[in-house]
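Report on the following structure.
None of the figures in this text is laboratory data; all of them are computed from the coordinates on show. On a predicted model such as this, the values are computed, not experimentally measured, just so you know. Heads up, the Cβs are rebuilt from the backbone with ideal geometry, glycines too, and the neighbour counts pull from every protein chain shown.
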Amino acid sequence: MKNLLLPLLLLVFSSLSAQQATIKGTVQDGDKKAVGYANVLLLRAADSSLVKGALSEESGAFLFDGIEAGKYKIAASMVGYARIMSPEINITTASGPVQVAPLILMQNSTALNEVVVEGQRPLIEQHLDKTVLNVENSIAAAGNTALEVLEKAPGVTIDQNDNISMRGRGGVIVMIDGKQVPMTGSELANVLRGLSANSVEKIELITNPSAKYDAAGNSGIIDIKLKRDKSLGTNGNISTSFGHGDKFKTNQGLQLNHRTKKLNLFGNYNYVFRDDYTQLDIYRNFLAEDKSITGTYDQRNRFDFQFETHNARVGADYLITPKTIVGVVGSGYLTDINRKNRNYADGRDNMGAIDSTFITNATAGHDRRNYGINLNLKHTIDTTGKELTADVDYISYGNTDFQNFDTRTYTPEGSLKRSPALLYGTLDGELTIQSAKVDYAQPLTKINGRLEAGIKSSLVSADNNLEFYNRSNGGNVFDTDKSNHFLYDENINAAYLNASRTGEKVSVQLGLRLENTIAKGEQLAEIVDEDERSFDNNYTQLFPSAFVGYTMSKKHNLGLSLSRRINRPSYNQLNPFKNYLDPSTYSSGNPYLNPETSYAFEFTHTFDQRIVTKLSYSYTADVIVQVLQPEVPGSKIVKQSFENLPRFDYYAMSVTVPFSIGNWFNSTNNGTLFYSLYRGNLANTDLRNGQPSFNINSNNTIQFGKGWSAEVVGVYRAAEAYGFMDVEQIWFASTGVQKQLWDKKASLKLNVSDVFYTNKTTGTTFTNTYTETFNQSRDSRVATLSFNYRFGKQQVAPARRRTGGAEEEKNRAGS
């Protein structure tokens, strides 16, 4: 019965749209030659309100299907031509296909070099379901990395461990061109550091995704859209930037696109080099049961690293028939991180006197490599708009790491307390993702709606081998206590159904997604207990979603959405390896983590199409939190791990207020007031940690004329709670100036990020047996000069979607 349900639904909905009218026509110039890629709008005759929009094909043809009875007009326009309007068209219920007379576009009498087209998207756009940050228009973003741009995005926070949260909530899914990045935490941050902001067109912040998206991501989706040229012929873009704070940074990029009648070839290459540092000071207290201090560590850490990445993407789309397009996309990156750490720590007794000092010098190398291939197909079934798409992905990630520690312990008088401790470790890892999905969509023209359905299957396999060797005594002794070999396999199968209807007053969208997860893990280390050596999980869950929109008047719109989502642990969060940061601190995964699940509700009010207010609530069970605690009771070695906390409640109100002064000043301001409450018992501590907080983001652009403009970005975040951690307030500002050159084909930008050098993080962690206060600063105040040049034709052709099917899996490959 279940196997017949989806085909029957498709058959029923298909029959609903069989009797709607179709309007066809062509766009021609004064010589009656076809005009391709002209803007064609179907308007209601009564008030010229927009019904549908399209671009004419290269042959000049256009088509509007699923048209209800009524009176319409068609408008066509293109740069360099005068706008043309058709006579009134009367559609009745008995109308079949309607062929209109050719729309003739006549060239403007004004010479083309005197036509000035002014129009630029604002830096931030607010929609009912998402916020859009138009990065390519940002002066302050030039020469930055994608991670630095995200840090300035409304409601987005990046903590001292590179974890990304949105509006005070973790569990964010990060995608690039609709394909999820297979990492979280520091691994994800390294990928985004290797992506130049010069190659980013826009960033979409989606708070309540529909059932069409994978169910992963409790707080929503961040989708980074890369630039791509949509013009005919051969086109491209060259960008280069050089920056300096305390250290040197540079980004270089090249984008090429060649589009013909049936074939589109595209590719880009980016090179990023960043010389950087992090200063991290930590003050730790170890506590007895009566909360008295048993010992203290006072640490000063300096991390110097050079980050170098090569990132490339190539692909092609081929029009087999007017209804069928096939495509292939290959992508990959190579990243090399060389790091030097110096850790200076004083150990103090329970009276505060120094009893020992240890100094660790460490070198580390992290090589990351990735390659992937996507095969995709898009087939238009008939003129009613039925569409079938399919994607097959194969992605491989590899890493080769080494760590070399030299630790020397001294007495308070300065003499060596013992022989130097020498530790060397290697980590070789491979992760492969295989994914296939098929999606079907059709308009429900009788009810002015749309039906979407699809299935997806993914296979993930991870193999990580960690080996540590003790070299303290001149040998190379394998350390079984620190070494491990971890295997992980996962299969997720999913199906979804999503239906929507848009009315004059009320819009409705209902969706349901079914996901089955089969996961197996095994530890091969000698020291692992037999009952903890492997685990096997198999669970099936339903994820409903719904949205209702209501238009009260021309100035007031309301929306209500709800969804159930899941955030599975990342593959490295499950990995039980010990990753030593210094001799007294290591991080470790937890193979027994449960996925966290959440219900989210959001109410939206839009006033005058500009001012957007959102009220949100979410409840999350088994929320994954980071826990710092002594490795064993009484130990002064700190373990950083992930655990499930029973409950997390989140309440929020956000307001977006844009305003402008004339044509020269535009400002978009976003404020979020939220309260997050963590509850449960972990690390022998009853936790009930929550506090009200807010953040403010202000983006301002100033137009001076003659190609000159400026931008100022300000961010303020009040103190807030993260599980066992309280983070203090933070604020920073960035500014820049731009000069457009050569008929706006080129631009020169100069910007300074973190102008006042205030982007520094201070926080406190607490449990019943341990407290920690940290201060972190980075090379965040950087002046950058960048240059961008566009070349080639500017006749626009329609672009097509180039996203793959390996989505939720690729966000979880790191920690």
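Structure notes:
- In segment 307-413, the trypsin sites (Lys or Arg not before Pro) that fall in loop regions by DSSP, at most 11 other Cβ within 10 Å: none
- Seen through its C-alpha gyration tensor, with square-root eigenvalues sorted a ≥ b ≥ c, segment 656-707 comes out prolate because a/c lies at 1.5 or above while a/b is bigger than b/c.
- When you filter the chymotrypsin sites (Phe, Trp or Tyr not before Pro) in segment 727-785 for DSSP loop state and at most 15 other Cβ atoms inside 10 Å of their Cβ, you are left with TRP742, PHE756, TYR757.
- Using the rule -39500 (n - 2.57) for each DSSP H run of four or more residues, divided by the residues of the chain, the 222 nm mean residue ellipticity is -1000 deg cm²/dmol.
- Loop-located trypsin sites (Lys or Arg not before Pro) across segment 480-571 with a Cβ neighbour count of 14 or fewer within 10 Å are LYS505, ARG533, LYS554, LYS555, with loop assigned by DSSP.
- Taking 0.36 nm per residue of sequence separation and removing the Cα-Cα distance, the MET85/ARG679 pair yields an extension gain of 207.6 nm.
- Residues SER660 and ILE238, FRET efficiency given R0 of 25 Å [Cβ-Cβ distance, rounded to 0.05]: 0.20
- Directionally averaged projected area (segment 627-714, Cα convex hull): 9.4 nm².
- If R0 is 30 Å, the Cβ-Cβ spacing of SER472 and VAL632 corresponds to a FRET efficiency of close to 0.85.
- A simple count of charges around LYS24, restricted to other residues whose Cβ falls under 12 Å of its Cβ and scoring Lys, Arg +1 and Asp, Glu -1, yields -2.
- Comparing segment 28-91 with the 2.2 N^0.38 Å rule of thumb, its C-alpha radius of gyration ratio is 1.12 (two decimals).
- Hull shadow area, averaged, segment 551-623 [alpha-carbon convex hull, nm²]: 7.7
- Once the Cα atoms are used to define both axes, helix 2-16 deviates from the longest principal axis of the chain by about 30 degrees.
- Distance between the modelled labels on TYR757 and ASP686, one decimal in nanometres: 4.6 nm (7 Å Cα→Cβ projection).
- Phi angles of segment 209-215 translate, via the Karplus equation with coefficients 6.51, -1.76, 1.60 and θ = phi - 60°, into HN-Hα couplings of x, 7, 5, 5, 7, 4, 6 Hz per residue; Gly and Pro are given as x.
- Cβ-derived FRET efficiency at R0 22 Å, ASP281 paired with LYS247, nearest 0.05: 0.65
- ALA719 long-range amide H proximity, modeled H, under 5 Å: GLN729
- Model label zone, ALA353; criterion: amide N under 15 Å from point 7 Å along Cα-to-beta-carbon; scope segment 393-414: 411-414
- Cβ-defined net charge surrounding TYR424, 13 Å radius [Lys, Arg +1; Asp, Glu -1]: -2
- In this simple spin-label model, placing a label point 7 Å from the Cα along the Cα-to-Cβ direction at both ASN768 and LEU748 gives a separation of 6.6 nm.
- In sequence order, calculated HN-Hα J values of segment 560-577 (Karplus, 6.51, -1.76, 1.60; Hz; x Gly/Pro): 9, 10, 8, 7, 10, 9, 9, 10, 6, x, 5, 5, 7, 5, 7, 6, x, 4
- HN-Hα J in Hz across segment 355-372 - Karplus 6.51, -1.76, 1.60, θ = phi - 60°, x for Gly and Pro: 10, 6, 10, 10, 10, 10, 10, 9, 10, 8, x, 10, 9, 10, 9, 8, 8, x
- Estimated inter-spin distance, ILE696 and TYR344, nm [label 7 Å along Cα→Cβ]: 3.9
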